[in-house]
Structure formats: C-alpha cells, structure tokens
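The values are calculated or read from the model by the stated rules, or taken from the named source; none is laboratory data. Owing to the predicted nature of the structure, the values given are computational and were not obtained by experimental measurement. Note that we place each Cβ from the backbone using ideal geometry, even for glycine, and neighbour counts take in every protein chain shown.
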Amino acid sequence: MLTASQILSAQDIATKEVDVPEWGGSILIKQLTRGQQDEYLKRQFGSRMKQDAKARTQELDLSNMYGHDAYLLVCSVCDESGKSLFTASQIDALKQKNGEIIGRIAKEILQFSGMVEDDKVARGETTEAAQLADEIKN
C-alpha cells in the first residue's frame, strides 16, 4: 500500500503540447491541480449573491464572474519544466487576446484536466450524466 508521503511526492501532473497557429507556434499546457480546479469552479459557481441575515438587502458580486478562460491559461500554460508562463497579474492582458483562441486553449485545458463535465454544468449545459439520469427517471 502507498504511504501518504509517496502519494504526496508523486509527480502526477502531465503536460501536453498544443498547436496555436495563430500565434505562430505551439504552447505547453499542464493539467490543473485539484486546488486550481476547485478555484476555477468557485469562480464559476461561487457565491455571487450576498445578502444580510434577514435578506433585506442583497448585493451581486460580479468581481470574479468573468475571465475564467484567461485564469485557466495562467494556471496551465507552462515551460518545459512545468513553470507557469503567466501570473495572475496578466489575466487582464490575456483578456485582450483573440477570444476564440483563448477559448479554444481553455477548452483544451479543461479536457486535459478531466473537467469537461464540470465546465458544461458551469455554462448551464446539459451533461451526459444529467441526460442519463433523466432517462433513468422516466
């Protein structure tokens, strides 16, 4: 049986080359860690509505509602050693890039990290699991 130390020291984050012809070459992406996946989902679903204890006043927090794709690039695009190429301070700069390209790379990151179903839920789309559950109910 594996020990906690063996599990925690295992190098289990894979990298993958992704062609981006519009930028004149390719980039390297790495799988998201569990913490990065959680933060991404929190950014998607997180508490955007705040209200007081008696629900008399409500406030909608839009501060983290946008920029999810740029956030994914910051977390995932890396060099050969796995070091991130971007920092959180560059999210706004990435949001100025071609949206189709950024979106395509973000989808690749989600797919590579096994998060396609989570992303569909976040975007309000019906997932295969939800469709299957509906079929079973009926």
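Observations, loosely collected:
- Within the stretch 86-103, the only residue that satisfies the criterion of being assigned to a helix (DSSP H, G or I), in contact with an Asp or Glu (Cβ under 9 Å, 6 or more places away or on another chain) and among the charged types (D, E, K, R) is 100.
- Residues being at pLDDT below 90, assigned to a loop (DSSP other than H, G, I, E, B) and among the basic types (Lys, Arg) are represented in the stretch 37-52 by at least one member.
- Considering (1) acidic (Asp, Glu); (2) under 18 Å from residue 28 (Cβ atoms); (3) modelled with pLDDT of 95 or more, the lone condition that residue 69 does not fulfil carries the number (3).
- Flag for residue 72 being closer than 14 Å to residue 15 by Cβ and without any contact (Cβ under 8 Å) to a residue 60 or more places away in the chain: no
- Taking the numbered list (1) small (Gly, Ala, Ser); (2) within 21 Å of residue 38 (Cα to Cα); (3) modelled with pLDDT under 95 in turn, residue 113 passes all entries but (3).
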